[in-house]
Every structure is written in structure tokens, then in C-alpha cells.
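Reading through the C-alpha cells given below for one structure.
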Amino acid sequence: MIMRLLDHNIRIWGVLVILTLASVSFAELTNWHVAAVVAIFAVAVVKAQLVAVNFMETGHALPHWNWLYRVWIAAIGCLLCGGTILSMYR
Amino acid sequence: MDQRDALKAGLERQPGTNGIWTFVFIDMIVFSLMFLVFLSEKIRLPKIYAAGQAHLDFRIGLTNTLLLITSSLFMADAVASTRRRSVVAVRRNLLACLACGGAFCVNKLFEYHAKLSAGLSPAHNSFYSFYFFITGAHFLHVIGAMIFFIHCMRQNELQMVQPGYRRKLENVGLFWHFVDLLWIFIFPLLYLTRGA
């Protein structure tokens with residue numbers, strides 16, 4: 001059981017590393033446009049959700065914490081993405 | 001099972017105490033406000049922010065991201081190890097977390113030194129005020145968590161198999177994962193959206 005848990009955590013870590021490198025490649029290899037910003041912050045939201053669910057174990061917390069934490073991650077991702085896009089059109 | 005029993009069972013199953021979940025959530029709100037003000041200034045002064053972000057080296061941010069993600073893995077394993085009462089594995093994982101946190105701090109201080117040496121202090125412009133404020137607040141969180149790592153590592157073997165220790169380590173772990181969570185958003189906000 002513990003070995004399965006460790007394997008699971010290592011798999012999550014691998015996905016986080018791949019997503020991090022993907023977001024860097026979005027930033028470095030694409031011309032700057034709205035789609036690149038959306039992709040970068042979408043990746044950040046997915047990474048944050050993975051950390052919350054698998055490492056923070058929000059699923060085992062009281063339901064309101066699980067809900068609040070996961071909504072915060074989605075909300076902050078939208079806020080940062082929206083603000084960055086708005087700054088591009090100023 | 002009435003509502004009170006259900007709540008008690010939920011609290012026992014929950015990793016960490018209710019207090020740490022509340023504390024971390026309040027911290028989330030504080031950082032949200034910092035991000036909100038940063039973005040409002042970025043929208044107001046886009047050229048200054050674009051120029052400031054162009055001076056940031058994404059490789060330093062990437063290294064720090066990988067260090068924090070890796071330390072989160074070690075912390076998750078430390079918590080799993082304390083549940084199976086493996087004192088050696090807990091100590092080994094906490095030491096690895098401490099090493100990753102230490103490397104993060106060295107990297108960050110190196111970056112601060114490079115900026116300050118180039119005359120880019122918090123007083124330089126609005127971007128650098130926020131850069132130092134946001135990353136500085138995050139840096140203090142890293143230092144705070146590392147102090148708790150040392151505290152948890154200094155407990156003797158008898159203390160480390162007590163249920164209270166498991167709770168304590170879960171609290172520290174939750175806080176450390178939150179530090180990682182914050183950096184997951186700070187990294188693209190400051191280092192990756194340089195062209196925006």
C-alpha cells in the first residue's frame with residue numbers, strides 16, 4: 001500500500017515536472033499572443049490542482065476546505081490570466 | 001451518526017488540524033490581494049512592467065520551481081512515513097526537504113544580489129517594489145517552514161511515533177505544499193509572461 005502511494009506520488013511529481021517544462025516552452029518558443037498566456041496559466045492551474053489533491057490531500061479534508069482551496073486555485077488562475085491579458089492591450 | 005459525530009469523524013480523518021487549514025486559507029487571501037494590486041499596476045504601467053520582467057532570468061525561476069516541486073514530493077513521503085511510523089524515513093525525507101528549501105534560498109539570494117548590484121532595488125520602480133515584496137513574502141514563508149522542518153527533525157524517536165507528531169508533521173506539510181502552490185503561480189506571473 002505504502003509502495004503504491006510512493007509510486008503514485010512519484011508519478012504526480014513526474015507530471016508536475018513535465019507540465020513545468022511545457023509552460024516554459026510555451027513562453028520561450030511561441031510568439032506572444034493571448035493563447036500562449038492562457039496556456040501558461042491553464043498549466044499553472046492544473047499543476048496547483050495536482051498539488052492540492054495529491055500532496056495536500058484536500059479530498060480528505062472537511063468538504064468546505066476541499067471546495068474553498070480548489071475554487072481559490074481556479075479563481076487565482078483566472079485572475080492572473082485575465083490581468084496579464086488586459087495588460088497586453090494597454 | 002448525527003451531525004456532530006460526522007464532523008468529529010471528518011476532523012480525525014483530515015490531514016492536519018482545522019487551524020492550519022484556516023491559517024493557510026487566510027494566507028491565500030492575503031497573497032490574492034498582493035497579486036490583484038500587482039496586476040492593477042501592471043495594467044496601468046505595462047511598459048515599466050514588461051521592461052522589469054525582461055530583466056528576470058527564467059532559468060532561476062525554473063530551477064526554483066523544480067526544487068519546490070521536488071521538495072513537495074519529499075514532504076508527501078515524510079507524511080506517509082510518519083503514518084507508518086518509520087522514523088528513519090521521516091528524518092531522511094525532512095532532510096531532503098531542508099536541502100531543497102536551502103537550495104531555493106541560495107538561488108533566491110543570488111538573484112536578489114544580482115538585482116541589487118545592478119541598482120535594481122525596490123525603490124527603482126513599481127515593478128521592482130512588487131517583485132521584491134511578493135517574492136520576499138514568499139521567501140519568508142520558505143524560511144519559516146524550514147525552521148519547522150528543523151524542529152520536527154530534532155524530536156527524539158519516542159516523540160516521533162506519537163499521534164501528536166503525525167498531526168504536527170501534517171500541519172508543516174500542508175504549509176509547505178502551500179508555499180509550493182504559491183510559487184506555481186508566482187513563476188508564470190513574474191518569469192514566464194515577460195513578453196506580455
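Quick one: would you say B:Val179 is at pLDDT below 95, of a type in the set (A, V, I, L, M) and open to solvent by less than 70 Å² (accessible area, probe 1.4 Å)? Steps first, please.
Working: at pLDDT below 95: no; of a type in the set (A, V, I, L, M): yes; open to solvent by less than 70 Å² (accessible area, probe 1.4 Å): yes.
Criteria not met by B:Val179.
Kindly provide the set of residues from region B:72-87 that are more than 10 Å from chain A (Cβ to nearest Cβ) and in contact with a helix residue (DSSP H, G or I) (Cβ under 7 Å, 6 or more places away or on another chain), ordered by number. Show your work before the answer.
Initial filter on region B:72-87 (more than 10 Å from chain A (Cβ to nearest Cβ)): B:78, B:82, B:85, B:87.
B:Ala78, B:Thr82, B:Val87 - these are the residues of region B:72-87 that are more than 10 Å from chain A (Cβ to nearest Cβ) and in contact with a helix residue (DSSP H, G or I) (Cβ under 7 Å, 6 or more places away or on another chain).
Listed here are the residues, each with its yes/no results for (1) over 21 Å from B:Val90 (Cβ atoms); (2) at pLDDT 95 or above; (3) open to solvent by 10 Å² or more (accessible area, probe 1.4 Å); (4) in a helix (DSSP H, G or I).
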{"residue": "B:Phe25", "(1), (2), (3), (4)": "yes, yes, yes, yes"}
{"residue": "B:Ser32", "(1), (2), (3), (4)": "yes, yes, yes, yes"}
{"residue": "B:Phe38", "(1), (2), (3), (4)": "yes, yes, no, yes"}
{"residue": "B:Leu62", "(1), (2), (3), (4)": "yes, yes, yes, yes"}
{"residue": "B:Ile69", "(1), (2), (3), (4)": "no, yes, no, yes"}
{"residue": "B:Ser72", "(1), (2), (3), (4)": "no, yes, no, yes"}
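Which residues, counting only those in region B:118-176, are assigned to a helix (DSSP H, G or I) and of a type in the set (S, T, N, Q)?
First, pick out the residues of region B:118-176 that are assigned to a helix (DSSP H, G or I): B:126-153, B:157-160, B:163-176.
Passing the criteria: B:Ser126, B:Ser129, B:Thr135, B:Gln159, B:Asn171.
Assuming A:His33 fulfils every condition listed in (1) under 9 Å from the mean Cα position of the chain (by Cα); (2) more than 8 Å from chain B (Cβ to nearest Cβ) apart from one, which condition is it?
Only one criterion is unmet by A:His33, namely (1).
On the basis of being in a helix (DSSP H, G or I), surrounded by fewer than 21 Cβ atoms within 10 Å (Cβ to Cβ) and within 7 Å of another protein chain (Cβ to nearest Cβ), does A:Asn9 make the cut?
On the way: in a helix (DSSP H, G or I): yes; surrounded by fewer than 21 Cβ atoms within 10 Å (Cβ to Cβ): yes; within 7 Å of another protein chain (Cβ to nearest Cβ): yes.
Yes: the conditions hold for A:Asn9.
Yes or no, residue by residue, for (1) open to solvent by less than 50 Å² (accessible area, probe 1.4 Å); (2) small (Gly, Ala, Ser):
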residue: A:Val17; (1), (2): yes, no
residue: A:Leu21; (1), (2): no, no
residue: A:Val24; (1), (2): yes, no
residue: A:His33; (1), (2): no, no
residue: A:Ala44; (1), (2): yes, yes
residue: A:Asn54; (1), (2): yes, no
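The values are calculated or read from the model by the stated rules, or taken from the named source; none is laboratory data. Here the structure is a predicted model, which means the values were calculated and not measured. Virtual Cβ from ideal backbone geometry, glycine too; neighbours counted across all protein chains shown. Ligands, DNA and RNA are stripped out before the accessible areas are found, and what is left, the full protein with its side chains, is counted by its heavy atoms. Shrake-Rupley method; radii C 1.70, N 1.55, O 1.52, S 1.80 Å.
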